[in-house]
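Data block below; observations after.
Throughout, read-outs are computed from the coordinates displayed, never taken from laboratory work. Since the model is a prediction, treat every value here as computed from it, not as a measurement. All Cβ positions, even for glycine, are placed from backbone atoms using ideal geometry, and neighbour counts span all protein chains on display.
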Amino acid sequence: MPARRTFSAVLTTLFLLLAAGCGGSSGAGASSGASLVRSDALAFVSIDSDLGSSQWQQVDDLSKKFPGRSAALAMIKRSLAKNQVDFGRDVKPALGPEVDVAVVSGATPNETSVVGLTKPHDPGKFKDLVKKLNATDTSGKPAVYREVDGWYALSDSQSAIDAVLKGNGDPLSDNSTFNDAMGKLPDEALAKAYLNGAQLGSLIQRFGRGSGLAGSSSGVEKLDFVSASLSAEDDGVRVHGAVAGPDSGKLSDGDYESKLIRGVPADALAFLSFRGGKGIDRLKTQLEANPALSGALSQVERALGVRVEDILALLRGEIALYVRPGGALPEFSMMLGTADQASALATLDKLAARLAALTHAKVTSGNEGGHAVKTLDFSRFVVRYAGLGDKILITSGLNGIGAYTASGPKLPDSADFKEARAAAGMPTSNAGFVFVDLKDSIALIEGLAGLAGSSLPPQAAENLRPLRSFTAWSAPSGKAFTFDAFLEIK
């Protein structure tokens, strides 16, 4: 819709240009726009637009690590100039130290109302900016705005503004769920977001009635809230968030320390660990309780030659996936923690035999590092698996099993993994995590591109160099659980 596109243009301009440190202090802050929004809003996003804040200074410092910073900013400024818009003259004074976006759901998903809110330093500049952006819109439906206590609400219609503002009702800022959600986030952030679980559940149910999915349940509709923040730090950018609700505990099995990582070779480019546990139990219950799926499950079991229950049993413990450099292609491996190695291997044997029959692959037996190994040979690639005590290793690597069981350097002790974990602040014990060595992964991609006769553009390669690692994890927090994702930049 044109108004939403107009307001998006303002936000995009703000984020791209502030990243260059294009301004100075923007003065005293203002009270949150949440005080103007109705208490049952579906979503609310608050953006720090104070150019002098510590967060934007951090962004400025991080952006200087990228060689393409100056060229990108020059291109943005040229693009703005084509529309007779200048950041310092038109955008900066038109926005206050805070820019908010509020969303209220309607009778149908298509009737959702979106409104932007800001308390501009110069109301006249705000009006002029909207006028300029409307002039470039060809839809014939310009953006509209309304002033409320010095704040300006911007949307595609006055009726949408009516739907979002509180009027004589209670404000979102007094809503206990909203305050609990925002209380899970850091005080300083570039942006903070809130999603009302009850409103989301209602929206899902209305969508379900229109799409034939009514009655389906994923547990999402039972959440109290989801909140998240984006913040800049000395060594990178962090997303931190929280999820809470009566069933949020079912989304996590609690903290644990990965056992499967201990044998992963130190040259692993990526590693993911999580536990099936409650999630697998819940999935099993939902499958058994849904009569519509019973016929489909029977067909799947006949096709695979094993019971779905036996496949789910493979996934109840810790599950780990990792990637290592290989020959022509990277090596992919999966680890499965198991309390019954014999049953797990029996299930994999049945799956391997069925896949071999369907694809004309060959199944052979061998030995590697003192362990019995089965190989499923698809001619162009192989899949090998073996039981290693309380775990099963499935790998595409010809020496993947030997590398895991060997006594060489392991991932937990590698300098890159330690650096990434320290920069992100990731605890050893958590509810599951992912680690990606971006530095070495990007180098591998460049090498593979060279073997294929192509290469990354020099500018792109240079601007990927500052990316060191990506780490994400979750952890229980009372009746909620939190999650973090950290992009390390050096």
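Could you order peptides 45-55, 314-324 by the average number of other Cβ atoms within 10 Å of their residues, highest first?
314-324, 45-55
Expressed in nm to one decimal, what extension gain is obtained for the pair ALA356 and ARG302 from 0.36 nm per residue of sequence separation less their Cα-Cα distance?
Working it through step by step, the gained length comes to 17.9 nm.
Between the range 68-129 and the range 254-331, how many Å separate their Cα centres?
Cα centroid of the range 68-129 versus Cα centroid of the range 254-331: 45 Å apart.
Given +1 on the Cβ of Lys and Arg, -1 on the Cβ of Asp and Glu, and no further charges, what dipole in debye does the chain carry about its Cα centre, rounded to the nearest 20?
On the way: 51 positive and 53 negative charges, 237 e Å.
That gives the chain a dipole magnitude of about 1140 debye.
Any chance you could give the angle, 0 to 90 degrees and rounded to 10, that helix 277-289 forms with the longest Cα principal axis of the chain?
90 degrees
Quick check on the chain: helices-only [θ] at 222 nm, where DSSP H runs of length 4 and up contribute -39,500 (n - 2.57) each and the sum goes over total residues. Nearest 500, please.
Computed ellipticity for the chain at 222 nm equals -11000 deg cm²/dmol.
Please give the helix 54-63 orientation as an angle from the longest Cα principal axis of the chain, in degrees from 0 to 90, rounded to the nearest 10.
60 degrees
How would you rank 152-161, 367-376, 174-183, highest first, on the average number of other Cβ atoms within 10 Å across their residues?
152-161, 174-183, 367-376
Once R0 is set to 41 Å, what does the formula 1/(1 + (r/R0)^6) return for the Cβ-Cβ distance between ALA372 and GLN57, expressed as a FRET efficiency to the nearest 0.05?
0.10
What is the packing order of peptides 255-267, 76-88, taking the mean over residues of other C-beta atoms within 10 Å and listing the highest first?
255-267, 76-88
Pairs LYS184/LYS284; LYS184/LYS418; LYS119/LYS192; LYS92/LYS127: which are spaced more than 23 Å apart, C-alpha to C-alpha?
LYS184/LYS284; LYS184/LYS418
Given points 7 Å out from each Cα along the Cα-Cβ axis, report the THR108 to ASP267 separation in nanometres with one decimal.
Label at THR108, label at ASP267, 5.8 nm between them.
When the dipole is taken about the Cα centre of the range 58-110, and only Lys, Arg (+1) and Asp, Glu (-1) are charged at their Cβ, what size is it in debye, to the nearest 20?
That gives a dipole near 400 debye.
Taking the Cα atoms only, what angle lies between the long axis of helix 291-304 and the longest principal axis of the chain, rounded to 10 degrees?
Result, in degrees: 40.
Net charge near VAL264: determine it from the other residues with C-beta under 10 Å of the C-beta of VAL264, scoring Lys and Arg +1 and Asp and Glu -1.
So the surrounding residues net to +2.
Once all Cα-Cα distances of the range 302-418 are split into 10 Å bins that start at 0, what whole-number percent is in each one?
13, 43, 35, 9, 1
Between GLN84 and GLN205, 0.36 nm times their residue separation minus their Cα-Cα distance comes to what? Kindly include the intermediate steps, with their values, before the conclusion.
Details: separation 121, 0.36 × 121 = 43.56 nm, distance 4.52 nm.
Between GLN84 and GLN205, full extension yields 39.0 nm more.
Extension gain LYS64-GLU288, at 0.36 nm per residue separation less the Cα-Cα distance, in nm? Spell out each step's value before the answer.
On the way: separation 224, 0.36 × 224 = 80.64 nm, distance 5.51 nm.
Using 0.36 nm per residue and subtracting the Cα-Cα distance, I get 75.1 nm.
If you wrap a convex hull around the Cα atoms of the chain, how much volume per residue is inside, in Å³?
Details: hull volume 89.3 nm³, N = 490.
Each residue corresponds to 182 Å³ of Cα convex hull volume.
Kindly list the residues of the range 305-338 that lie in the label zone of ASN399, defined by a backbone N under 20 Å from the point 7 Å along the Cα-to-C-beta vector.
322-334
Assign unit charges at the C-beta atoms only (+1 for Lys and Arg, -1 for Asp and Glu), then state the dipole size of the range 322-422 relative to its Cα centre in Debye, rounded to the nearest 20. Let's see the in-between values first.
On the way: 11 positive and 9 negative charges, 49 e Å.
Dipole magnitude for the range 322-422 comes out near 240 debye.
Residue farthest toward the positive end of the dipole of the chain, with Cβ of Lys/Arg at +1 and Asp/Glu at -1: which of GLN57, PHE433, GLY254?
Going by the Cα projections, it comes out as PHE433.
Run through all the Cα pairs of the range 348-490 and give the fraction in each 5 Å bin from 0, expressed as whole percent.
2, 8, 13, 12, 12, 14, 16, 13, 8, 3, 0
Can you tell which of ALA423, ALA443, ALA460 lies farthest toward the positive end of the dipole of the range 415-471, using +1 and -1 charges on the Cβ of basic and acidic side chains (Lys, Arg; Asp, Glu)?
ALA423
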